[in-house]
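A short write-up of the structure that comes next.
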Amino acid sequence: QVQLVESGGGLVHAGGSVRLSCATSGVRFGLDALGWYRHPPGQQRELVAQVTSTGSTYYAESVKGRFTISTESAKNTVYLQMDSLKPDDTATYYCNVRRGINVYWGRGTQVTVSS
């Protein structure tokens with residue numbers, strides 16, 4: 001059973017930084033694809049960053065150079081470091097795990113960026 005719990009969200013000023021954490025259980029680091037999605041208000045959920053089982057990373061164009069996804073298998077945690085935040089980054093951020101055809105989600109953590 002995969003369980004994901006996000007933390008680290010909050011209110012931050014534009015230009016600031018936030019690090020999101022996703023505490024996991026049942027995740028196979030190095031085998032599962034691990035990622036972060038976000039759901040801005042009034043918009044569709046979108047993939048922000050992902051690290052695949054081979055270690056390859058993907059970033060949405062809108063966050064390249066500003067966000068960094070990382071994992072710490074010893075702590076069963078996935079991180080999303082977000083720098084140079086913009087008001088457009090305001091969203092609920094979700095941790096995501098893909099294992100074959102199975103997809104798992106956390107409950108999300110809200111990040112609000114004020115201008």
Let me have the relative contact order for the chain, percent, based on Cα pairs under 8 Å that are six or more residues apart. 36 percent
Over the heavy atoms of GLU72, what accessible area does a 1.4 Å probe trace out, to the nearest 10 Å²? 70 Å²
Treating the beta-carbon of each Lys and Arg as +1 and of each Asp and Glu as -1, no other charges, what is the dipole magnitude of the chain about its Cα centre, to the nearest 20 debye? 200 debye
Normalized C-alpha radius of gyration of segment 1-51, against 2.2 N^0.38 Å? 1.34
Please compute the length gained on full extension between LYS75 and ASN102, using 0.36 nm multiplied by the number of residues separating them and subtracting their Cα-Cα distance. 7.4 nm
Excluding ligands, DNA and RNA, the carbon-plus-sulfur percentage of the accessible area of the chain with a 1.4 Å probe reads 47 percent
Distance between segment 18-41 and segment 57-115 - C-alpha centres, whole angstrom: 7 Å
With Kirkwood's inverse mean 1/r over C-alpha pairs for Rh, give me the Rg to Rh ratio of the chain, two decimals please. 0.95
Phi-based couplings in Hz for segment 37-51 (Karplus 6.51, -1.76, 1.60; Gly and Pro marked x): 10, 9, 10, x, x, x, 10, 7, 5, 9, 6, 9, 7, 8, 10
Need one number: nm distance between label points at ARG66 and HIS39, each 7 Å from Cα along Cα→Cβ, rounded to one decimal. 2.2 nm
Quick one: Karplus J couplings for segment 12-27, per residue in order, coefficients 6.51, -1.76, 1.60, θ = phi - 60°, nearest Hz, x for Gly and Pro? 9, 7, 4, x, x, 10, 9, 10, 8, 10, 10, 7, 10, 9, x, 8
How large is ³J(HN,Hα) for each residue in segment 54-66, as worked out from phi by the Karplus curve 6.51 cos²θ - 1.76 cosθ + 1.60 (θ = phi - 60°), to whole Hz, x for Gly and Pro? 8, x, 6, 10, 10, 10, 4, 4, 5, 10, 4, x, 10
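The values are calculated or read from the model by the stated rules, or taken from the named source; none is laboratory data. Note that the structure is a prediction, hence the values are computed from the model and not measured. All Cβ positions, even for glycine, are placed from backbone atoms using ideal geometry, and neighbour counts span all protein chains on display. What goes into the accessible areas is simple: the full protein's heavy atoms, side chains included, and nothing from ligands, DNA or RNA. Shrake-Rupley method; radii C 1.70, N 1.55, O 1.52, S 1.80 Å.
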